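Following: one structure in structure tokens, then a few remarks.
The values are calculated or read from the model by the stated rules, or taken from the named source; none is laboratory data. Just so it is clear, the structure is predicted and the values come from calculations on it, not from any experiment. Note that we place each Cβ from the backbone using ideal geometry, even for glycine, and neighbour counts take in every protein chain shown. Remember, those area values only see protein heavy atoms, side chains included, never the ligands or the DNA or RNA. Shrake-Rupley method; radii C 1.70, N 1.55, O 1.52, S 1.80 Å.
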Amino acid sequence: MAASSNSSLSGSSVSSDAEEYQPPIWKSYLYQLQQEAPRPKRIICPREVENRPKYYGREFHGIISREQADEILAGVEGAYILRESQRQPGCYTLALRFGNQTLNYRLFYDGKHFVGEKRFESIHDLVTDGLITLYIETKASEYISKMTTNPIYEHIGYATLLREKVSRRLSRTKNESRKASVTSEENNPVEKITSLVRRAALTQNDNHFNYEKAHNFKVHTFRGPHWCEYCANFMWGLIAQGVRCSDCGLNVHKQCSKYVPNDCQPDLKRIKRVYCCDLTTLVKAHNTQRPMVVDSCIREIEARGLKSEGLYRVSGFTEHIEDVKMAFDRDGDKADISASIYPDINIIAGALKLYFRDLPIPVITYDTYSKFIEAAKISNPDERLEAIHEVLMLLPAAHYETLRYLMIHLKKVTLHEKDNFMNAENLGIVFGPTLMRPPEDSTLATLNDMRYQKLIVQILIENEDVLF
């Protein structure tokens, strides 16, 4: 066991050649335990049971007591039956023999079988997974409790040359699409590049914008043996063995996910669209300071639309705005939004507003919304400005930078008020509900806050040089 828990990495010495890269030595102790876990043994009822639920097989023994179940399973490790409760008819129990005792679990079915969070296609799979979990937690509870104390995640020693090659490959977002593998200059492939390597490479990339981003972990079922990229230990069980970050692909135990830093480096091949994508996720995936759709639209508007009457207030054709959205989703920063394709600048302005409206988390985040509203209610102008500045400091870095850039642009729009008839107050009316939404989906709250939303944006525009 001591040997198995060694966290040394075979790639820890710096190599002069990328081909010498080797992945870490994963800790195999828990994998060995899973192999040793008892196998499920279905005990068939010798008689035909009336009123047996159609989703149970012949392991169902009808209405019997705990004592009867214990007698049926006695002495057979891993044996199991299903029974109907004597005290609560219509309720079903899984009786399972483990550790020389009979364990009873309330059993449920909603199209799949479950006793806890995990849902299984068959009772056999449920029992198999349960026996693995029981065996590992019984044999290695102390080991499991200490798994996160010396994580592989904090001791990555990959070759410098490999990091440089991955960094260069990942930074070419404006010239070529990202590729899953890394190739040396001699075209010798370095295979099996994990998300850990990718993250290590990006950490070394000075051109990468260092915005903090939490991982987007979701429960995942791994096919075949899989190891945690945080602690290097095996992910045990049949299904839902761990979690995977849907943005960068990091695979870790559910308990390990609590210790992973907010250093997600999204992978472009996992980001399927531009609109409706989390703002920080998008800029980190594209390695840009702000969402490229914001830069592209503002650049186009400032080039040919600052004097356009009713800019941002006048709507462009909805179907043309949707075309721009699809172009960005399809082509990214290569989307053509020039005057030759979209002569009406209101289409570009509409596409920019739509981008902000479609964000899952608004530019002015749900977490800061109430603080901004409270700041707007302060009557003293100087105190109000100071309060707004303090709340701005609470925004995530990518949100702050995007808001700053937008306010600089909107200030330029107001400088052409005699032509476009759009002052800071008018722009506040347009952009207030676009940039900030209340956390709860309440029409009443939205209506009550509209004047404060307008005021916040108006103040941000008028004082952008002071606030940012």
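Would you be able to say whether some residue in region 319-338 is under 31 Å from the mean Cα position of the chain (by Cα), closer than 22 Å to M436 by Cα and either of a type in the set (S, T, Y) or outside the structural domain of G432 (by the TED database) (or both)? No, that holds for no residue.
From the list A349, A397, A376, the lone residue that is over 30 Å from E322 (Cβ atoms) and modelled with pLDDT of 95 or more is A376.
Please state which one of T434, T414, T446 is open to solvent by less than 20 Å² (accessible area, probe 1.4 Å), at negative phi and either touching a Gly at 6+ places or on another chain (Cβ under 9 Å) or β-branched (V, I, T) (or both).
Just one listed residue meets the conditions, T434.
Give the residues of region 221-237 that are part of a loop (DSSP other than H, G, I, E, B) and crowded, with 18+ Cβ neighbours inside 10 Å, sorted by residue number. Once the filter is applied, which keeps residues that are part of a loop (DSSP other than H, G, I, E, B) and crowded, with 18+ Cβ neighbours inside 10 Å, region 221-237 yields H226, C228, E229, Y230, C231, A232, M235, W236, G237.
Each row is one residue, and each column tells you yes or no for (1) under 25 Å from F421 (Cβ atoms); (2) out of contact with any helix residue (DSSP H, G or I) (no Cβ under 9 Å at 6 or more places or on another chain); (3) among the acidic types (D, E); (4) not in a loop (DSSP other than H, G, I, E, B).
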{"position": "C276", "(1), (2), (3), (4)": "no, no, no, no"}
{"position": "K284", "(1), (2), (3), (4)": "no, no, no, yes"}
{"position": "Q289", "(1), (2), (3), (4)": "no, no, no, no"}
{"position": "E302", "(1), (2), (3), (4)": "yes, no, yes, yes"}
{"position": "G316", "(1), (2), (3), (4)": "yes, no, no, no"}
{"position": "I321", "(1), (2), (3), (4)": "yes, no, no, yes"}
{"position": "D329", "(1), (2), (3), (4)": "no, yes, yes, yes"}
{"position": "I337", "(1), (2), (3), (4)": "yes, no, no, no"}
{"position": "P362", "(1), (2), (3), (4)": "no, no, no, no"}
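Could you go through region 306-323 and let me know if any residue there is surrounded by 19 or more Cβ atoms within 10 Å (Cβ to Cβ), polar (S, T, N, Q) and closer than 26 Å to E212 by Cα. No - not one qualifying residue is present in region 306-323. Can you confirm whether G90 is in contact (Cβ under 8 Å) with a residue 12 or more places away in the chain and at positive phi? The answer is no for G90. Taking A285 as the residue in question, decide whether it is assigned by the TED database to the domain that holds K412, at pLDDT 95 or above, small (G, A, S) and buried (at least 19 other Cβ atoms within 10 Å of the Cβ). The answer is no for A285. For region 365-380, a residue qualifies if it is in contact (Cβ under 8 Å) with a residue 24 or more places away in the chain, open to solvent by less than 70 Å² (accessible area, probe 1.4 Å) and over 14 Å from L435 (Cα atoms), and the qualifying residues are A375, A376.
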